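For reference, the structure discussed in these notes is given below.
Read-outs throughout are calculated quantities, based only on the coordinates presented, and are distinct from any laboratory measurement. These figures come from a predicted structure and were not determined experimentally. Don't worry about glycine lacking a Cβ; one is built from the backbone with ideal geometry, like all the others, and counts go over all protein chains shown.
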Amino acid sequence: MKTIPTLPPQGTHSTQPSINTRAGRSQRDPLDYHHPYDSMRRYAELLALRHDSARTRHSYYRAMRLVHEHYGVDPATLGEDQLRDYILHVKTRKAWRPKTVRQTMACARLFFVEMLGRGEWKVFSQVRTRDHDELPAVLTRAQVASLLGAIRLRRYRTPVKLIYCAGLRLSECLSLTVHDIFAAEGKLMVRGGKGGKDRMVPLAAEMVEDLRRYWAFHRHPVLLFPNAGRGVCRADRLAARMRQATAPMPVSSLQRLVVVARHELGLPDATVHTLRHSFATHLIESGASLHTVQALLGHKQINTTMVYLHVTHRSEQNGRTLVEGLTRGLPR
């Protein structure tokens, strides 16, 4: 990290094998796909012009691939009634979530209206979907502590703890490099988060020390959470493999461990992402403003952050206090 004297200076890792710093599955550019129809090739080109994110282009392309696979024909030959029947099928028979149905409609609109010029189609104004009121699962602070305690190996416990203490997404955490930690300032830089946006997150002094000890074990020139690979678990052999790693720790490693720990403790449904929900909820319970939490989580819309108001105990307590204050002293 930047304040550790033994950290290799910038450029030291240039002689190392090519290092992939992004955790999770990388998406290919749809331009490089094998296109079964010329219309899908043109669609991939339109997506490349319209969207910078490879993940977004992949999602849009996949949505139209599902359409043409459903009918087994070139999607450019489909009519409005066929698209309407497809949306009716996935909405009622396959019970797709409203968000997925809306995304499919957006992809189809781009394909049929903007690319093929079928602006007269009315199906796009006919489909309505409403989100279900699903609240995120949240752990109490005691449950978070128990969960971390159940993950006995430090090389796994530290990144899980960081996800909770900084409100990170799993891929954001495992993609961190040693140059993203500003220990002296108590900050952490999240690069290329959701939507390709960077953000700065405060980092507690205790968490900084945990990261120091973690890095001091493997001393990888770039990666903060390098892949340990397979082999002998003796400390020196493990550290050597981590130091030579060319990719971050697999996301499945932490996902699996959290599920195992959850079952061991008898906790309710909880995943790695539940720790991010818990981070936001506990901050609001401690008095943080919605806008502060929105910035820390990297939410584009404040409405996304407002869901945590419904799972905090503080909002209920404050409401009770306010009502008591309004009622006190009134004639009886």
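Under a model in which nothing but the beta-carbon of Lys, Arg (+1) and Asp, Glu (-1) is charged, the chain shows a dipole of about 660 debye around its Cα centre. Counting charges near residue 78 (Lys, Arg +1; Asp, Glu -1) among other residues having Cβ under 14 Å from its Cβ returns a value of -1. Taking a quarter of the surface of the Cα convex hull of the chain gives a mean projected area of 24.4 nm².
For the range 30-126, the residue among 112, 63, 34 whose Cα projects farthest onto the positive side of the dipole built from Cβ charges is 63.
The 3J(HN,Hα) values that the Karplus relation (6.51, -1.76, 1.60; θ = phi - 60°) gives for the range 175-181 are, in residue order, 8, 5, 10, 5, 8, 9, 9 Hz. Gly and Pro appear as x.
Distance from the Cα centroid of the range 109-124 to that of the range 50-77 is 14 Å (rounded to whole angstrom).
Computed over the Cα atoms of the range 30-126, the ratio of the radius of gyration to the Kirkwood radius (Rg/Rh) comes to 0.93.
Bridging of residue 197 to aspartates and glutamates at a Cα separation below 19 Å is possible for 52, 172, 180, once same-chain residues fewer than 8 apart are set aside.
Residues of the range 105-134 with an amide N closer than 11 Å to a point placed 7 Å from the Cα of residue 70 along the Cα-to-Cβ direction: 105, 108. With a cut-off of 10 Å between beta carbons, the residues surrounding residue 169 carry a summed charge of +1, where Lys and Arg count +1 and Asp and Glu -1. Give the aspartates and glutamates whose C-alpha is closer than 19 Å to that of residue 99, dropping any in the same chain fewer than 8 places away, or say none. Answer for residue 99, where 19 Å is the Cα cut-off: 85, 131, 133, 134, listed by chain and number. Sequentially through the range 256-268, phi angles give Karplus couplings (6.51, -1.76, 1.60; θ = phi - 60°) of 5, 5, 5, 5, 4, 5, 4, 5, 4, 8, x, 7, x Hz, Gly and Pro residues having no value and appearing as x. Take each peptide in 96-103, 31-38, count the other Cβ atoms within 10 Å of every residue, and average; sorted highest first, the result is 96-103, 31-38. Applying both filters, DSSP loop and at most 14 other Cβ atoms within 10 Å, to the GluC sites (Glu not before Pro) of the range 141-220 gives 185.
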